[in-house]
Each structure stands twice: as C-alpha cells, then as structure tokens.
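Below is one structure; the comments refer to it alone.
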Amino acid sequence: MKSSLELALERAQNLEFAESITDIDQYYRQGQQLAGKLYNQGLQEFTHAWESINLDSTLSEHIMKGVIKSMLANLVLPQQDDQLTRAVLTLQAIEVLNPDYQELERKGFLDFLESYRKQYPQFIIQLKEQLASHLQQKEQALLAKTGRQQHLSLQNDPETATIYADEVKKFQLYFSDHLHQHKWQLLQKLGFNPGEFSF
C-alpha cells in the first residue's frame with residue numbers, strides 16, 4: 001500500500017504530465033498510455049491514474065477517446081481465455097470512465113463474448129466431424145473409381161479445405177456483426193459518435 005506522500009507525489013507527477021501537453025494528439029496519446037496502464041498494471045492503477053487527471057471537459061474528451069480506441073481493440077471475439085480476461089478488464093474500466101455504463105449492460109456484453117468463447121471450439125469440432133464424413137465418402141468414391149486407396153484430409157484436399165474455411169468465416173461473420181453492434185451501443189452510451197471510430 002502506498003503512503004500518502006507517495007500518492008501525492010504520483011498525483012502531482014500525473015498532473016504535471018497532463019499540464020505539459022500542448023496539442024490534442026498528445027492528449028489522445030496520453031489516453032492510449034492510460035489504457036496501457038490498465039492492461040499492464042491492473043484496474044486499480046488505471047482507476048487511480050484516471051482520477052488524478054484534472055482537465056477541462058474538452059481536453060479530457062480527447063484523453064477519453066484515446067483510452068476508448070485502445071480499449072475497443074481489446075474487445076475481440078475471444079478464442080483464448082486471456083482474450084476474454086482482457087475483455088472483462090476492459091468493460092470494468094469503462095465503468096470507471098463512465099459510471100452510467102451499468103452492470104447490466106456490461107453483463108450483456110460479457111455474456112455475448114462468453115457465448116462465443118464456448119461456442120467456437122464446439123463449432124470447430126462439429127464442423128471437422130462433418131467434414132471427416134465427407135472426406136470418407138470421397139475416399140470411397142475414389143477407391144471405387146480408381147481401385148487405389150487414398151487418404152484425404154483438410155491439408156491435402158483443397159475442396160474440403162475451402163468448405164472448412166467458408167464455414168468458419170460465416171460463423172465468425174455472424175458473431176462479428178453482433179460484436180460491432182455491442183461496440184456501437186457502447187460508444188453511444190459513452191456519448192461518442194461511433195462513426196468517428198474504426199472497429
């Protein structure tokens with residue numbers, strides 16, 4: 001736990017850093033640095049850093065944009081647990097930035113991401129099972145036609161590999177559209193025009 005003196009010095013350092021900034025791009029970059037603090041040092045350090053910045057509303061908006069842009073990049077369709085962990089941390093931090101972003105909204109977004117995290121591996125297993133059956137039928141047809149046994153797989157059968165890639169793409173596009181909607185609603189809730197952000 002930090003002493004009062006350490007906290008005061010850190011706050012003064014943060015304020016000095018903020019006051020030394022002269023253009024909007026630098027405020028924007030400061031926001032990106034704050035997002036980095038979230039992912040490298042945790043929610044508590046991020047919260048402390050955010051609360052120690054005392055700027056007028058116009059300039060703090062640019063810092064907020066920098067933070068949000070960096071955070072949006074971490075709200076991805078999670079295929080690994082660490083991506084889901086980052087998403088949870090991101091949504092918690094958004095509540096720090098805007099207390100009006102309520103737990104119910106955060107839970108809805110998180111439920112969507114967790115749903116994808118569970119469904120994606122199941123979808124891949126089922127798809128591979130279906131395609132294994134398809135490959136066996138092709139092997140039997142080739143054996144009947146040529147009299148030779150040939151082992152087919154996703155790696156050596158371009159037609160089946162294309163089917164696999166197309167089905168995975170369709171699955172991901174469906175969820176990507178929903179992710180886009182969640183991000184759009186989040187930006188509106190935070191008072192930003194979603195058209196100003198690329199995601």
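From His182, His178, grab the single residue that is within 30 Å of Asp82 (Cβ to Cβ), in contact (Cβ under 8 Å) with a residue 24 or more places away in the chain and touching a Gly at 6+ places or on another chain (Cβ under 9 Å).
His182
Please indicate, with yes or no, whether at least one residue in the stretch 169-179 is in a helix (DSSP H, G or I), among the small types (Gly, Ala, Ser) and closer than 23 Å to Lys107 by Cα.
Checked against the condition, which is being in a helix (DSSP H, G or I), among the small types (Gly, Ala, Ser) and closer than 23 Å to Lys107 by Cα, the stretch 169-179 yields at least one hit.
Any idea which residue in the stretch 170-187 is farthest from the chain's Cα centre (by Cα), counting only those that are buried (at least 16 other Cβ atoms within 10 Å of the Cβ) and hydrophobic (A, V, I, L, M, F, W, C)?
It comes out as Phe171.
In this structure, does Gly147 turn out to be outside the structural domain of Gln30 (by TED's automatic domain parsing) and more than 18 Å from Trp184 (Cα to Cα)?
Yes.
Rundown of residues vs (1) closer than 27 Å to Val76 by Cβ; (2) modelled with pLDDT of 95 or more, yes/no style:
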{"position": "Gln102", "(1), (2)": "yes, no"}
{"position": "Lys107", "(1), (2)": "yes, no"}
{"position": "Leu113", "(1), (2)": "yes, yes"}
{"position": "Tyr116", "(1), (2)": "yes, yes"}
{"position": "Tyr120", "(1), (2)": "yes, yes"}
{"position": "Ile125", "(1), (2)": "yes, yes"}
{"position": "Ala144", "(1), (2)": "no, no"}
{"position": "Gly147", "(1), (2)": "no, no"}
{"position": "Leu154", "(1), (2)": "yes, no"}
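The values are calculated or read from the model by the stated rules, or taken from the named source; none is laboratory data. Please read all numbers here as calculations on a predicted model, not as lab measurements. A quick note on method: Cβ atoms are made from the backbone with ideal geometry, for glycine too, and the neighbour counts reach across all protein chains shown.
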